[in-house]
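Please read the structure below before turning to the comments.
The values are calculated or read from the model by the stated rules, or taken from the named source; none is laboratory data. Worth saying up front: this structure is predicted, and the values here are computed from it rather than measured. Every residue, glycine as well, gets a Cβ built from its backbone with ideal geometry; the counts of neighbours run over all protein chains shown. The area values use the complete protein model at the heavy-atom level, side chains included, leaving out ligands, DNA and RNA. Shrake-Rupley method; radii C 1.70, N 1.55, O 1.52, S 1.80 Å.
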Amino acid sequence: MNTKSSLLVLALFSCLSAPMALVAASLEEKYFESRDNFIRQFSTASSPEANSYEKVLPKLEKALSKLEKQLQLIIGPVDVAHFPKRGKINLETLEKDDGGFGQVDGLRFDSKHEQLFVTTAGLLNAYLQQHKELPTELGKLAKAEEFYSLALYWDEAVTHFAEVPVRTTNDKSLAYAFLGLWAQEIGPFPPKNLFVFFANGDRVFVVSTEVQSNIDQIAECKDVWDGFKKKSDAASAAYQASELKDQKATDDDMQKNEEDGFRAYCRCFEQRVKMEPCFKQLTKQAQTLVDNLQKQLPR
């Protein structure tokens, strides 16, 4: 075969074997373009009548449906045990003033008492570039409490209590699990949720589920909380005795005592829970989730 023929064959082979990543990137670019166009449409000022809930909702549902189909092509097939095979778009709204605007782009698969969120490296990287408050390194992102609210429930906060050890079958995957809690308030509440973050190169999976083992209150940790609560109560009593002067300073002190107390409570739980009988079962539950996620082939 002469040089010219060899070059033609090489060129043909290169075209036929173009990486799927390029195709995926093209689909992601189209998705971002469509999403941003919809956001501009819903953000355009118009009459109150045109912006009424009854008139906006059908248009919003239609737009989300179109974006959902694009995401299904981008993310590809997902078949994780105990979750539905067809995911729904993770975005709740495209209107900037609505609660829940700005969730992470991807698909969510809801099952009883547990949620699965799936996105791609490209979608996630683009999101992180727009949200500088989040770390871009996956290992750090997996530990960022605020990320889980953006990925799953925007109106609840996640508290990280203790890392749960898990392992992967190869060095190209990343897995992190932790014992945590969904809540809208802080207090001496024992954790009851298990979170798993898994990345296999081009896709990222996030799972939130209820723990199967019974995690009881740890008396020593409750005592830690109670100590800070006494400080908060003392500040409140001092405020009442001061003829109700300087309320802001008192409120700030009380809030700080509660926040410091909650973090101290979490640190105590992190140290103690690993010695509890439930932690062995919790570790087994987390590893089972990671094993199921590892069965998902890259796109």
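Here is a check on your reading of the model: is LYS143 in contact (Cβ under 8 Å) with a residue 40 or more places away in the chain, farther than 21 Å from PRO298 by Cβ, open to solvent by 40 Å² or more (accessible area, probe 1.4 Å) and not hydroxyl-bearing (Ser, Thr, Tyr)?
no
To keep it simple, each residue is scored yes or no on (1) among the small types (Gly, Ala, Ser); (2) touching a Cys at 6+ places or on another chain (Cβ under 9 Å); (3) under 20 Å from GLN285 (Cα atoms).
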| position | (1), (2), (3) |
| --- | --- |
| HIS82 | no, no, yes |
| ASP97 | no, no, no |
| ASP105 | no, no, no |
| SER111 | yes, no, yes |
| THR120 | no, no, no |
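Within the stretch 70-115, can you find the residues that are aliphatic (A, V, I, L, M), farther than 25 Å from ASP36 by Cα and crowded, with 16+ Cβ neighbours inside 10 Å?
VAL78, VAL80
How many residues does the stretch 193-205 contain that are farther than 16 Å from THR136 by Cα and open to solvent by less than 10 Å² (accessible area, probe 1.4 Å)?
Total satisfying the criteria: 3.
Go through the stretch 170-247 and tell me which strands (runs of 3 or more DSSP E), entirely inside it, have 1 or more residues that are of a type in the set (Asp, Glu).
So the answer is 203-210.
Any residue at all in the stretch 158-177 that is among the β-branched types (Val, Ile, Thr) and farther than 24 Å from GLN281 by Cα?
Our first condition is that a residue be among the β-branched types (Val, Ile, Thr); within the stretch 158-177, this holds for 158-159, 164, 166, 168-169.
From the residues that got through so far, the ones that are farther than 24 Å from GLN281 by Cα too are none.
No, every residue in the stretch 158-177 fails to be among the β-branched types (Val, Ile, Thr) and farther than 24 Å from GLN281 by Cα.
Report, by residue number, each residue of the stretch 257-295 that is open to solvent by 20 Å² or more (accessible area, probe 1.4 Å), farther than 13 Å from GLN212 by Cα and touching a strand residue (DSSP E or B) at 6+ places or on another chain (Cβ under 7 Å).
GLU270, LYS274
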